[in-house]
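Undergrad: Shown below is the structure under consideration.
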Amino acid sequence: MAAAQNGGRIKVSFIEPKSEISRAVHQAFVSDKSNGIQALMDVISQSFKLPRNMDVVFAETGKVNAWYDPEHHAVIMAYDFVEFMIKDAVANKGNEKEAIEYATGAILFTLMHEMGHALIGEMDVPVVGREEDAADEFATMILLDCGPQGHQILGSAADWFYAMGRNQKELAFWDEHSLDQQRLYNILLLMYGHSPNTYGSIVSTIVPKNRMAKALYEYKIKEHRWDKLLTPYVRGGH
């Protein structure tokens, strides 16, 4: 990777949708005084030597999805997906506050997951194994270092994968993603490995003790390997 430019930044933009629900979400995004989504992307811009500018675009696409577009160096977050998440949150949560936290966390985790794909593609980061799992790990490891807000996003994402796995009628073993229940446990075990005193009592209710013991060791290994893998791409790295 050429290190000459390394000045790329990530810009977030919101294209007004037509759907009534999506318009309300769009307005909430645009009116967000904390500029939370852009701030999250600024963390990535400030952390990594991006070879070019990139875009995160929220737009109505007709697809309930989110994806990395390598041709345009962009991550597309479909308002159709955002609307789906909001409806899912309302159906799965008992009150508005919980629904908002659930939907927001799942949407932001998905954005970070797609940024994992984007950085792997833009910086040509070598990945051995399934890139979908690597993108999940990247998102989780970055969010673990973002303090309470990042941990809250991860908790909501785990909650989402639990609900999706519970409602899954067919086990899609052929899919490029791990099963939703596997993604749930992978997130929880990384959270536990990062902060065992904080998450031990929660994880111990659903994960066997021998697996938790391995998770502590695995987290240290994963942290070391991600640090080693990403050091050439980190601002100030070699």
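No lab work stands behind these numbers, since they all come straight from the coordinates. This one's a predicted model, so the numbers in the text were calculated from it and none came from an experiment. With ideal geometry, Cβ positions are generated from the backbone for all residues, glycine too; neighbour counts draw on all protein chains shown.
Undergrad: Given H placed on each backbone N at 1.01 Å, which residues far from Val56 in sequence or on other chains put an amide H within less than 5 Å of it?
TA: Amide H to amide H, under 5 Å and 5 or more residues apart or across chains, Val56 pairs with Lys11, Val12, Ser13, Val75.
Undergrad: Amide H neighbours of Lys49 under 5 Å, counting only residues 5+ apart in sequence or on other chains, H built in-plane at 1.01 Å?
TA: Here the answer is Val234, Arg235, since their amide H atoms fall under 5 Å of that of Lys49.
Undergrad: What distance in nm separates the simple spin-label points at Asn95 and Tyr217, each placed 7 Å from Cα in the Cβ direction?
TA: Modelled inter-label distance: 4.3 nm.
Undergrad: Calculate the FRET efficiency for Leu229 and Ser31 from the Cβ-Cβ distance with a Förster distance of 45 Å, rounded to the nearest 0.05.
TA: Numbers: r = 38 Å, r/R0 = 0.85.
The formula returns an efficiency of 0.75 here.
Undergrad: Which of rounded, prolate or oblate describes the chain when judged by the alpha-carbon gyration tensor and an a/c cut-off of 1.5?
TA: Oblate, because a/c is 1.5 or more while a/b does not exceed b/c.
Undergrad: Going through region 176-238, which GluC sites (Glu not before Pro) have at most 15 other Cβ atoms within 10 Å and a DSSP loop state?
TA: When the GluC sites (Glu not before Pro) of region 176-238 are filtered for loop state and at most 15 Cβ neighbours within 10 Å, Glu176 remain.
Undergrad: May I pose another question? Fewest Cβ neighbours within 10 Å first, please rank Trp160, Trp67 accordingly. The partial results should precede the final answer.
TA: Numbers: Trp160 25, Trp67 16.
If I rank by nearby Cβ atoms, fewest first, I get Trp67, Trp160.
Undergrad: Could you list which residues have their amide H under 5 Å from that of Thr61, counting only those 5 or more apart in sequence or on another chain, with H placed in the peptide plane?
TA: Amide H to amide H, under 5 Å and 5 or more residues apart or across chains, Thr61 pairs with Tyr79, Asp80.
Undergrad: How far apart, in nanometres, would the label points at Val127 and Val64 be if each is projected 7 angstrom from Cα along the Cα-to-Cβ direction?
TA: Reported label-point gap for Val127 and Val64 is 2.4 nm.
Undergrad: Could you please report the charge total around Ala74, scoring K, R as +1 and D, E as -1 over all other residues with beta-carbon less than 14 angstrom from its beta-carbon?
TA: So the environment of Ala74 carries a net charge of -2.
Undergrad: What trypsin sites (Lys or Arg not before Pro) does region 71-153 have in DSSP loop regions with at most 13 other beta carbons within 10 Å?
TA: Counting only loop positions with at most 13 other Cβ atoms within 10 Å, the trypsin sites (Lys or Arg not before Pro) in region 71-153 are Arg130.
Undergrad: Put a dot 7 Å past each Cα toward the Cβ at Arg9 and Gln182; how far apart are the dots in nm?
TA: Taking the simple label geometry, Gln182 and Arg9 are separated by 4.0 nm.
Undergrad: Where in region 11-33 does the label zone of Phe84 land, with the point 7 angstrom along Cα→C-beta and an amide N cut-off under 16 Å?
TA: What the label zone holds, given the 16 Å backbone N cut-off, is 22.
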